[in-house]
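Accompanying notes for the structure given below.
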Amino acid sequence: MLRRLTLITCAAAMLALTGCSTTVALTPAEDANNPQCAEVTVRLPQSIAEQDRRWTDAQATGAYGSDGKTTVIVTCGVTVPGPTAELQCVTLEGIDWLVDESEAPKMRMTSYGRDPAVQVFVDTEVVSANNVLTSPGLVSGLRMIDAESACTTPDELSE
């Protein structure tokens, strides 16, 4: 009887815990199987800019948020961008980023000069893009990918 009660209690506790956390549904990038993406994602921290890490269902991704809202999405293995004059290029912590503000206040930053490329999508109404891109875990993961080129005239990221 005690054993059955313990099993029921454990099952109820597991249900309660899993019921509180939802998985963020994402699509893996084309090059998500790249071994360097594993190096990036394994270094992603438990929180970025005071946003807690959330479970994702796609390889080489990370998501962060609070109160059930996703505010930061990290995807490794996206298409490596070429040189562009259309997007602002910024350098933070020695890593170059192409900044797409076309969906403002949400910003999409894609690492530049590294293969595989990493894309970070940030809701800037909730969190600072600078705080996200300078997060030690994200920076250390990106540094595992050698830089092959760099911004020619990097700017500072405006918010």
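What follows is calculated from the coordinates using simple rules that are stated; it is not laboratory data. Please read these numbers as outputs of a predicted model, since none were measured by experiment. Counting neighbours? That spans all protein chains shown, and the Cβs are built from the backbone with ideal geometry, glycine included.
Data table
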item: Segment residue 67-residue 38, extension gain: residue separation times 0.36 nm, minus the distance between their alpha carbons; result: 7.7 nm
item: Segments 39-51, 132-144, 110-122 sorted - mean Cβ within 10 Å per residue, highest first; result: 110-122, 132-144, 39-51
item: Label-to-label distance, nm, for residues given as residue 59 and residue 148 (7 Å Cα→Cβ offset); result: 2.0 nm
